[in-house]
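The values are calculated or read from the model by the stated rules, or taken from the named source; none is laboratory data. Just so you know, these numbers come straight off a predicted model, no measurement behind them. Using ideal geometry, Cβ is built from the backbone for each residue, glycine included, and neighbour counts are taken over all protein chains shown. For the accessible areas, the whole protein counts, side chains as well, though only heavy atoms, and no ligand, DNA or RNA atoms are used. Shrake-Rupley method; radii C 1.70, N 1.55, O 1.52, S 1.80 Å.
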Amino acid sequence: MTEIGDQKTLDEAIEWITKAQQLGLYNANVARLARVAADAIRSVLSDEELKTLRYVREQLANQMFVRMVNKAGSISGDTARTYISRVQRLLRDFEGWTADPRGYRPKLTIRTGGDSRGQAPRRRKGMEQRATVSPEASDDSLMAEHALPLQSGRAYLRLPARLTLEDVRLLMVIIHSHCPDASRDGMVSVPVNDEQVR
């Protein structure tokens, strides 16, 4: 049996970006950035080279960084790494969607720290939230995803829709451990049966 990576091509993945946006899998910005990156990768592949997903993925993993920096002279190392990462995501999403168009949901990508220039990501007002449900989901399997703008970046949480008090305590301890300025007395309290838990 032939795998998707042997059948599908980079050109088909690029064409799919528009459909991914229409389906709500990509927002307009993600679609635009994926297309720019994929076009840049395509531009350094010769006409004689295979354009199958498998071949392109191998090039991305082994040789594409050097090829991009050398062949497309105006592309910096940081830009080449960014483009490679975006095209790897595009190929993964396209193959996942091709294998299961009705059930596929792209993985949430998490950006840590700032951009390639060391700048912190821009903050948006408010908090983004979405719920994801698998086709056979019961109330227990409902997940809520939150993107929280913080002073030093953005936090991404994927939580079950319902948490126990023990779950909340554990989350508080973990979050508290990331704040070196917090003292034990400054820890947030959660009421438990008319008691305060610290």
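Here is how the numbers come out for the structure above:
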| item | result |
| --- | --- |
| Sequence ranges 14-26, 30-42, ranked by mean other-Cβ count within 10 angstrom, highest first | 30-42, 14-26 |
| Debye, to nearest 20: dipole size of segment 1-102, +1 on Lys, Arg Cβ, -1 on Asp, Glu Cβ | 380 |
| Per residue, in Å², the accessible surface of segment 1-72 once ligands and nucleic acids are set aside, probe 1.4 Å | 58 |
| Built amide H within the under 5 Å cut-off of ALA155, gap 5+ | LEU148, LEU150 |
